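Single-structure report; data block below.
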Amino acid sequence: MRTSLIISTYNRPDALKLVLLSILQQTQLPHEIIVADDGSGEETRSVVNDFRGQSPVPVIHVWQEDLGFRLARVRNLGVSKSRGDYLIFIDGDVILHPAFLASHLSASKEGLYLQGRRAMLSYRMTTRILQNGRISISPFALGISLRKHAFHIPVLSRIFSHTSPDWYHTLGANKSLWRKDFIAINGFNEDFEGWGREDSEFSLRLMRSGLQKFELRFCAIVFHLAHGKDNKVKYAEATERNQQFLDDCAASRMVWCENGFDHHL
């Protein structure tokens with residue numbers, strides 16, 4: 001199967017450089033890399049163009065005008081430019097363990113969509129990594145929270161990875177599914193603008209379409225670089241609106257969203 005790795009980003013070119021570098025160190029590469037850019041400036045474009053010269057697979061940069069936080073839309077736009085049978089989504093501020101892609105691909109199965117977790121890096125550790133560019137991170141290093149998600153242990157992964165009915169607690173920064181299943185629900189709901197809840201609504205509609213959520217443990221490791229304090233404020237301000245959209249979806253039987261992926265075809 002052909003695999004598309006879709007990276008959403010906005011104005012964090014220093015973090016994006018490290019994400020892209022961690023892709024080069026994967027034990028199994030995707031067939032293409034899509035950088036889904038929610039309105040970043042020229043510095044991000046330069047990072048992507050420089051990376052093209054290093055990447056052994058095609059790199060596609062899709063960009064939309066900066067009209068606020070429109071993550072759902074830019075992900076749909078990224079998928080519209082992709083050609084993969086299997087889609088893997090990450091954010092532009094997570095450093096991938098070398099076996100990240102291989103973990104997703106080995107666990108992929110009809111009837112499932114996969115959800116990984118993330119280990120969180122402190123602001124101090126994030127600053128140090130951005131300065132020195134070293135992306136080899138020990139799970140025992142100081143400055144890691146949610147440390148249990150930092151260990152790549154395949155034998156434990158086979159034991160502890162499991163299906164789950166929990167659609168609410170879901171992450172867009174570590175998710176994968178078949179393209180046909182993405183299309184079947186019309187992708188992400190672009191009514192969601194601002195921070196939060198678009199992934200929960202997406203997960204709910206996937207389950208209603210007949211898929212099971214499969215939670216990966218001790219594999220598919222990502223290390224999340226710390227945000228600045230301003231991002232937390234934006235998240236708190238925007239979530240109330242998106243929470244209402246999520247509540248409306250939960251109260252209905254909606255599977256297909258009207259304002260979704262098909263607008264980009």
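Order of 173-180, 88-95 by packing, highest average Cβ count within 10 Å first?
Details: 173-180: 20.8, 88-95: 25.4.
Top of the packing list down: 88-95, 173-180.
Place a label point 7 angstrom from the Cα of D66 along the Cα-to-Cβ direction, then list the residues of the stretch 11-31 whose backbone nitrogen is under 12 Å away. In the stretch 11-31, the label zone of D66 (backbone N under 12 Å from the point 7 Å along Cα→Cβ) covers 11-13. A simple charge model with +1 on the Cβ of Lys and Arg, -1 on the Cβ of Asp and Glu and nothing else charged puts the dipole of the stretch 43-187 at about 240 debye relative to its Cα centre.
Were the residues from Q25 through F140 laid out at 0.36 nm apart, the gain over their Cα-Cα distance would be 39.4 nm.
The order of the peptides 10-17, 53-60 by mean Cβ neighbours within 10 Å, most packed first, is 10-17, 53-60.
Expressed as a whole percentage, what fraction of the accessible surface of the chain belongs to carbon and sulfur atoms when a 1.4 Å probe is rolled over the protein heavy atoms? Walk me through the numbers before you get to the answer.
Numbers: 6440 of 12080 Å².
Solvent-exposed carbon and sulfur of the chain make up 53 percent of the total.
Per-residue ellipticity at 222 nm from helix content only, as computed over the chain with -39500 (n - 2.57) for each DSSP H run of at least four residues, stands at -11000 deg cm²/dmol. Projecting the Cα atoms of L20, S8, N259 onto the dipole axis of the chain, where Lys and Arg carry +1 and Asp and Glu carry -1 at the beta carbon, places L20 farthest toward the positive end.
Based on the alpha-carbon gyration tensor of the stretch 54-164 and its eigenvalue square roots a ≥ b ≥ c, which shape applies: rounded if a/c is under 1.5, prolate if not and a/b is larger than b/c, or oblate? It would help to have the intermediate numbers written out before the result.
Numbers: a/c = 1.79, a/b = 1.13, b/c = 1.58.
Because a/c hits 1.5 or more and a/b fails to exceed b/c, the stretch 54-164 counts as oblate.
Set against the labelled values (i) 1.01; (ii) 0.94; (iii) 1.19, Cα Rg over 2.2 N^0.38 Å computed from this structure falls on (ii). Per residue, the chain exposes an accessible area of 46 Å² to a 1.4 Å probe, with every protein chain left in place.
Close amide H partners of I60, meaning residues 5 or more places away or on another chain with modelled amide H under 5 Å apart, are I33, I34, V35. A simple spin-label model places pseudo-atoms 7 Å from Cα toward Cβ; at F160 and R128 they are separated by 2.5 nm.
For the chain, the longest stretch holding no GluC sites (Glu not before Pro) located in a DSSP loop with at most 12 other Cβ atoms within 10 Å is which?
Values: sites that count: E65, E110, E258.
No qualifying site falls inside 111-257, the longest such stretch.
With a simple spin-label model that places each label point 7 Å from the Cα along the Cα-to-Cβ direction, the separation between H227 and A250 comes to 2.0 nm.
Add +1 for every Lys or Arg and -1 for every Asp or Glu among the other residues with Cβ under 11 Å from the Cβ of G143, and state the total. Could you put the intermediate results ahead of the total?
Values: positive: R124, R128, R147; negative: none.
Neighbourhood net charge equals +3.
From the square roots a ≥ b ≥ c of the eigenvalues of the alpha-carbon gyration tensor of the stretch 113-249, which class results: rounded (a/c under 1.5), prolate (a/b over b/c), or oblate? It comes out oblate by the Cα gyration axes.
The values are calculated or read from the model by the stated rules, or taken from the named source; none is laboratory data. As the structure is a prediction and not an experimental result, all values here were calculated from the model. We place every Cβ from the backbone using ideal geometry, glycine too, and count neighbours over all the protein chains shown. Please note that ligands, DNA and RNA were not included when accessible areas were found on the heavy atoms of the full protein model with its side chains. Shrake-Rupley method; radii C 1.70, N 1.55, O 1.52, S 1.80 Å.
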